[in-house]
Amino acid sequence: RPGVEGKVSVHLTIGATGEVIAADVAEQTVKDDQMATCMVDAVKSWKFPEPKGGGKVTVTYPWTFKPDAPAK
């Protein structure tokens, strides 16, 4: 989305097989709920390496967006 500015932090849980078993928005300053929802949906489809020692891993990852500087 051109011109979008702000942050979306996604909290995700990675299961023992490396699949994302849960994800939701932890913080959002971007004024675009559809964009944040799309990001969560994408994260839910990701696959990670299996966590060492088994079990679950929880992560909160922030993405920060700011518009490009105008071309000169």
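Quick note: the coordinates plus some simple rules give every number you see, no bench work behind them. Remember, it's a predicted structure, so these values are computed and weren't measured experimentally. When we count neighbours, we look across all protein chains shown, and the Cβ atoms used for this are built from the backbone with ideal geometry, even at glycine.
Rank-order 26-37, 44-55, 6-17 by packing density, defined as the average count of other C-beta atoms within 10 Å over each peptide's residues, highest first.
Numbers: 26-37: 14.3, 44-55: 10.8, 6-17: 16.9.
Top to bottom by mean Cβ count within 10 Å: 6-17, 26-37, 44-55.
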Roughly how many debye, to the nearest 20, is the charge dipole of the chain about its Cα centre, given +1 on each Lys and Arg Cβ, -1 on each Asp and Glu Cβ, and no other charges?
200
Asp41 to Thr64: extension gain in nm, 0.36 nm per residue of separation minus the Cα-Cα distance?
6.5 nm
Cα-based equivalent ellipsoid, the chain: semi-axes from gyration tensor eigenvalues, Å
29, 12, 10
Can you tell me the orientation of helix 33-44 relative to the chain, as the angle in degrees between its alpha-carbon axis and the longest Cα principal axis, to the nearest 10?
30
Can you pull the one-decimal nm distance between simple spin-label points at Lys52 and Gln34, each 7 Å off the Cα toward Cβ?
4.3
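Normalised by the number of residues in the chain, what is the relative contact order in percent for Cα pairs under 8 Å and 6+ residues apart?
45
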